[in-house]
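Bear in mind that the values in this text are calculations on the coordinates, not laboratory data. Just so you know, these numbers come straight off a predicted model, no measurement behind them. Reconstructed Cβ throughout: ideal geometry from the backbone, glycine too, with neighbour counts over all protein chains shown.
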Amino acid sequence: MRLLRPRGVYAPQEDTELLARAARAELRVLDRLGVDVLDVGTGTGALALLAAESGTARVTAVDISRRAVLAARYNARRRGLRVAVRRGDLVAPADGRRFDLILSNPPYVLAPGRVSAASRTWHAGADGRTVLDRLCADAPALLRDSGVLLLVQSALCGVEQTVRRLADTGLESRVELRTSIPFGPVMARHAAWLEERGLIEPGTRKEELVVIRAQRR
């Protein structure tokens, strides 16, 4: 879909589409009145809009970026979709509520140096887990019984670590979808650094993306 994306707001890419595939399948299973959906780190609102298009979901979207919040609100209004967009850090704006489905495409790119205002939509520290670990710790408490968390990440930042952390909170976790994509400009720029750390083989210019599904039983 064509979306307003101000400068500094994450553009929907292959990871967004992979997570959207998993979300569509989950929403079909959850096809009932009154399902509550939370999109964490909504950016342009692409995933929140997908959920709202079902017509029965009550959708909340959160982002720490003012520009992202304004963009998501505009994109929802433009399509006549009801999405409550809140500004705040990760799940904090939704604290105290419970959801049937939580979606998140968090920053997960491994990169040297400090996170800046310009890089915070993708930069997740030297191990790629700056946001992922917080999400794994905080999001499960917002799930209803049988509620599902879907998140997307690179395999380079530890798939088993994410699965284990979510399992430690009592969720049943597994890899739901996988795909391999060519490095984008950011990953290509840091390829030599990734090679030096032994995270990729010399000359490798592809990464695997995965969607992890975790459910409260």
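Using mean Cβ contacts within 10 Å as the protection proxy, how do 49-61, 5-17 order, highest first?
49-61, 5-17
Within the shell of other residues whose beta carbon sits under 14 angstrom from the beta carbon of Val69, the net charge comes to +4, with Lys and Arg scored +1 and Asp and Glu -1.
Provide the percentage of antiparallel DSSP beta bridges, counting only those with both residues in region 14-216; round to the nearest 5. In region 14-216, DSSP labels about 45 percent of beta bridges as antiparallel. Neighbours of Glu172 by Cβ distance under 9 Å: Lys/Arg scored +1, Asp/Glu scored -1, total +4.
Between the listed residues Gly34, Ala48, Ala72, the Cα displaced farthest toward the positive end of the dipole of region 28-83, a dipole computed from Cβ unit charges relative to the Cα centre, is found at Ala72. Anisotropy class assigned to region 14-216 is prolate, per the alpha carbon gyration tensor with a/c at or over the 1.5 cut-off and a/b larger than b/c. Rounded to whole numbers, the Karplus 3J(HN,Hα) couplings from phi for region 172-188 are 7, 10, 7, 7, 9, 9, 9, 7, 10, 10, x, 4, x, x, 5, 4, 4 Hz, using 6.51 cos²θ - 1.76 cosθ + 1.60 with θ = phi - 60°, and x at Gly and Pro. Can you classify region 55-154 as rounded, prolate or oblate using the Cα gyration tensor, where a ≥ b ≥ c are the square roots of its eigenvalues, rounded means a/c under 1.5, and otherwise it's prolate if a/b beats b/c and oblate if not? Cα axes put region 55-154 in the oblate bin.
Adding -39500 (n - 2.57) for every DSSP H run of four residues or longer, then dividing by how many residues the chain holds, sets the calculated 222 nm ellipticity at -8500 deg cm²/dmol. Relative to the Cα centre, the charge distribution of region 14-216, modelled as +1 at Lys and Arg Cβ and -1 at Asp and Glu Cβ, gives a dipole magnitude of about 840 debye. Within the shell of other residues whose beta carbon sits under 14 angstrom from the beta carbon of Ala124, the net charge comes to 0, with Lys and Arg scored +1 and Asp and Glu -1.
Which peptide among 169-175, 136-142, 96-102 comes first, and what is the full order, when sorted by highest mean count of other Cβ atoms within 10 Å?
Sorting 169-175, 136-142, 96-102 by mean packing, highest first, produces 136-142, 96-102, 169-175.
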